Amino acid sequence: MVATNEKPLHDQVALVTGAGRRIGKAIAVALGRAGAHVAVNYNRSRAEARATVREIAALGVEAAALPADVSRPREVQAMFRALEKRFGRLDVLVNNAGVFFPRPWNELTEKDWDHILGINLKGAFFCAQAAARLMMRQKSGDIINISSLGGLQAWPGYMHYCSSKAAVIMLTRCLAKALAPHVRVNSVAPGTILFPGEEPSATIQNVIRATPLRKAGCAQDIVELVLFLVTHSEFITGQVFPVDGGKSIP
């Protein structure tokens, strides 16, 4: 929904999972800059999450660091109880927490599958479920699932990751139908994203050369789309938006 002042999310409340660093942090800070009070979820990145909270609070909004391993539903439930107690409502959930690691198909183990699906898929669902209960009560809200180009393309060395992100895309579509008309659910699918100071590996350089725009993206590319979806998208739900320099073009 769009506010008439310069802070389109003024007095709204957002939760970003995995928000202590990288894309999650960039999204959390941007939501705070747009006027939202922000809950910063973390699992192991406690110091980084607290630093993110300080950065957001300096913008003149409330911020809190909320610990939870999103692959554990009990921890998710405890996090949402803490969020409701602190803020009283939830307007935006960004399911950003995720893990990414390669593994040849013939070396994949049950532990690998459980680890990546537990965070990337199960975590996204149980966070969305808890968020939706709050949002349906107030009859408004936005859920943004951060998926991946890997959910749209087949990467043989990452088939467990690709499967998890493809499932997140279908989860987005199912949730969009289930929660309509009050809650919108969309997905952002990043391609190759580099952060300041990062040097692309030879593999990443090959990916960039195979990308139509011949460059990698940056965190701001993801941030701007998330902000658009939560401030200007009252007629958009159930959609997946690749931010990949055209790499997903067939």
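Summary of values
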| read-out | value |
| --- | --- |
| Gyration tensor verdict on segment 99-222 (Cα atoms; rounded if a/c is under 1.5, prolate if a/b is larger than b/c, oblate otherwise) | oblate |
| Peptides 210-221, 151-162 ordered by average Cβ neighbours within 10 Å, highest first | 151-162, 210-221 |
| Neighbour net charge for TYR42 - beta-carbon separation under 11 angstrom, K R +1, D E -1 | +3 |
| Separation in nanometres of the label points that stand 7 Å from Cα toward Cβ, at ALA57 and PHE195 | 2.2 |
| Segment 1-144 - Rg (one decimal) and Dmax (whole number), Cα, Å | 15.5, 55 |
| Angle between the chain longest axis and helix 159-179 axis [Cα atoms, degrees, rounded to 10] | 30 |
| SER140 paired with HIS10, simple spin-label distance in nm, labels 7 Å along Cα-to-beta-carbon | 1.3 |
| Peptide ranges 190-199, 43-52, 91-100, 11-20 listed from the most packed, as the mean C-beta count within 10 angstrom indicates | 11-20, 91-100, 43-52, 190-199 |
| Per-residue [θ]222 nm for the chain (sum of -39500 (n - 2.57) over DSSP H runs n ≥ 4, rounded to 500) | -13500 deg cm²/dmol |
| Nearest-ten-degree value, helix 73-87 long axis tilted from longest Cα axis of the chain | 40 |
| Crossing angle, helix 46-57 versus the chain [Cα axis fit, 0-90 degrees, rounded to tens] | 50 |
| Between segment 22-101 and segment 159-205, the Cα center-to-center distance that results, in Å | 18 |
| Among the listed pairs LYS7/LYS85; LYS139/LYS177; LYS165/LYS215, those beyond 19 Å (Cα-Cα) | LYS7/LYS85; LYS165/LYS215 |
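A short reminder: the numbers here are calculations on the coordinates, not readings from a lab. On a predicted model such as this, the values are computed, not experimentally measured, just so you know. Methodologically, a virtual Cβ is constructed for each residue, glycine included, from the backbone with ideal geometry; neighbour enumeration extends over all protein chains shown.
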